[in-house]
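Participant: The following block contains the structure, expressed as structure tokens.
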2 protein chains.
Amino acid sequence: MPESDTLLNIDNIAANCIGLRVRMLNRLVTNLYDEGLRPFGLKVSQVNILVATWKLGTARPAEMCKVLQMDVSTLSRNVDRMKARGWLETMPDPDGRAQPFKLTAQGRDVLEKILPVWREIQDKAITLLGAETLDWLNRSVRQLSSQAK
Amino acid sequence: MPESDTLLNIDNIAANCIGLRVRMLNRLVTNLYDEGLRPFGLKVSQVNILVATWKLGTARPAEMCKVLQMDVSTLSRNVDRMKARGWLETMPDPDGRAQPFKLTAQGRDVLEKILPVWREIQDKAITLLGAETLDWLNRSVRQLSSQAK
DNA sequence: ATCATATGCTTGCATATACAAATTCAGCGA
DNA sequence: TCGCTGAATTTGTATATGCAAGCATATGAT
């Protein structure tokens, strides 16, 4: 491959790499949420887990990881921290390997407390990104999730 | 606020949170690129830095962090690792505080070697996400970058 | 009943991420 | 020139992320 072709191709990465852009978007959006949530002592990552737990009722780690497309080890350590804060509690289970957990009353309280701030941040994100963002993100995530292992 | 309203609002986070969806998209897309790049012993994060360095020629950390919307401390440690691998080298600078760096020949070689694989992964991502993805991502990132501090 | 395999989760390790504090140096004013 | 302020970067700390390996338990085959 001639030198000039290589140059063009490297420039192609710079101009078009989806991995780069998704990661930048992630940093920007995560910072937006984390900044707003800072007074409450938690980050968007933990809010996501609280909400997912609320949805599932009694949550099995492997199941939640499938929903959130997250490695089980990542979830495992976050659940530890959130149990230590009294937001989650482990439930008994006939299967000795399972470690299902659910929201505590405190965990539920946290969710209620952050609701107005979440709304503010969400509105800001929609204003910045455009109204069609949500549809767009949902389609992309659904499509990629269905392909992922 | 009545109980039922709270329930609806928590469900609203579950159904609509942009922070959640962007983070899921980031995990899915990052894993897609990292999996493809694994044979080459680097990840998409380092590819992004290599390409940005190639673009900038001589890169100042603060400048690159503005471009990539990344904290300077995050870049600092990655540049350390990449210098240790011989892909980047620090340049002298009249300003004693500055630590500008540039690509080494080895760093340039790495970029050339991964080009075909990057192309494959990028094609797969475009197929999965749709052709209009890139425009949308570019618009979103540009819009958010211009607002960020 | 036993053994092999599969499942569910945790732990070890390396990197990614960002805030806060420390460090080093530049530039400016008295 | 002395010291003050600000800028560029690194270091300390905590969380996020995923792979590989470990551990305990369940399940299936013989």
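The values are calculated or read from the model by the stated rules, or taken from the named source; none is laboratory data. Keep in mind the model is a prediction, meaning the values are calculated, not measured. All Cβ positions, glycine included, derive from the backbone under ideal geometry; neighbour counts span all protein chains shown. Calculation scope for accessible area: heavy atoms of the full protein, side chains included, ligands and nucleic acids excluded. Shrake-Rupley method; radii C 1.70, N 1.55, O 1.52, S 1.80 Å.
Participant: Okay, which of the range B:115-149 sit inside 20 Å, backbone N to the point 7 Å along the Cα-Cβ direction of A:Arg139?
Facilitator: Residues B:122-143 qualify, since their backbone N sits under 20 Å from the label point.
Participant: Charges only on Cβ, +1 for Lys and Arg, -1 for Asp and Glu: so what's the dipole of the range A:3-147 about the Cα centre, in debye to the nearest 20?
Facilitator: That gives the range A:3-147 a dipole magnitude of about 520 debye.
Participant: Still on this structure: So which residue of A has the beta-carbon closest to the axis that swings A onto B, and how many whole Å away?
Facilitator: Closest to the rotation axis on chain A: A:Asn26, 2.
Participant: Quick one: label points 7 angstrom along Cα→Cβ at A:Gly41, distances to the other copies in nm, smallest first?
Facilitator: Taking the point 7 Å beyond Cα along Cα→Cβ, the inter-copy spacings are 4.5 nm.
Participant: Taking H as built 1.01 Å from N, whose amide H comes closer than 5 Å to the amide H of A:Leu88, not counting residues under 5 places away?
Facilitator: Answer set, sorted by chain and number: A:Lys83, A:Thr104.
Participant: Let me ask something else. Over the whole of B:84-96, what's the average partner chain Cβ count within 10 Å per residue? Rounded to a whole number, please.
Facilitator: 0
Participant: Copy-to-copy spacing for B:Gln147, label 7 Å out on the Cα-to-C-beta vector, in nm, shortest first?
Facilitator: Result for B:Gln147, in nm, nearest copy first: 2.9.
Participant: Can you give me the % of accessible surface on the range A:86-128 that is carbon or sulfur? Probe 1.4 Å, all protein chains present, nothing else counted.
Facilitator: 54 percent
Participant: At R0 = 25 Å, how high is the FRET efficiency between B:Lys66 and A:Ile126 if r is their beta carbon distance? Nearest 0.05 is fine.
Facilitator: 0.50
Participant: Once the dipole of chain A is set up with Lys and Arg at +1 and Asp and Glu at -1 on Cβ about the Cα centre, which of A:Ile13, A:Leu144, A:Leu103 lies farthest towards its positive end?
Facilitator: A:Leu103
Participant: Which whole number gives the average count of other chain Cβ atoms within 10 Å of the Cβ atoms across peptide A:41-47?
Facilitator: Other-chain Cβ atoms within 10 Å of each residue's Cβ, averaged: 2.
Participant: With an 8 Å cut-off on Cα pairs and a minimum separation of 6 or more residues, tell me the relative contact order of chain A in percent.
Facilitator: 21 percent
Participant: Could you tell me what fraction of 2.2 N^0.38 Å the Cα radius of gyration of the protein assembly as shown comes to, as a two-decimal ratio?
Facilitator: 1.10
Participant: Any chance you could check the Cα centroid distance between the range A:1-54 and the range B:17-71 for me, in angstrom?
Facilitator: Taking the Cα centre of each part, the range A:1-54 and the range B:17-71 sit 8 Å apart.
Participant: Any chance you could run the full-extension gain for A:Met91 through A:Thr74? It's 0.36 nm times the residue separation minus the Cα-Cα distance, nm to one decimal.
Facilitator: Using 0.36 nm per residue and subtracting the Cα-Cα distance, I get 4.2 nm.
Participant: May I pose another question? Before I look further, what does the protein assembly as shown give for accessible area per residue, probe 1.4 Å, in whole square angstrom?
Facilitator: Here the per-residue accessible area is 52 Å².
Participant: Let me ask something else. Check the straight Cα-Cα distances from A:Lys66 and name the lysines below 18 Å, setting aside those fewer than 8 residues away within the same chain.
Facilitator: Cross-link targets: A:Lys55, A:Lys102, A:Lys149.
Participant: For the A and B pair, go ahead and give the buried accessible area with a 1.4 Å probe, both sides summed, in Å² to 100.
Facilitator: Result for this pair: about 6300 Å² buried.
Participant: Work the Kirkwood hydrodynamic radius out for the range B:3-147: mean of 1/r over every pair of different alpha-carbon atoms, inverted, in Å.
Facilitator: 17.6 Å
Participant: Once the label point is placed 7 Å from Cα along Cβ, list for A:Lys55 the distances to the corresponding points in the other copies, in nm, shortest first.
Facilitator: 3.4
Participant: Cβ neighbours within 10 Å, averaged per peptide: list B:76-85, B:48-57, A:38-47 in order, most packed at the top.
Facilitator: In decreasing order of mean packing, B:76-85, B:48-57, A:38-47 become B:48-57, A:38-47, B:76-85.
Participant: Here's another thing I want to ask about it. Per DSSP H run of n ≥ 4, the term is -39500 (n - 2.57); total these for the protein assembly as shown, divide by its residue number, and report the mean residue ellipticity at 222 nm rounded to 500 deg cm²/dmol.
Facilitator: The per-residue figure over the protein assembly as shown is -24000 deg cm²/dmol.
Participant: What is the average number of partner chain Cβ atoms found within 10 Å of a Cβ in B:7-14?
Facilitator: Taking the mean over all residues of the peptide, I get 5.
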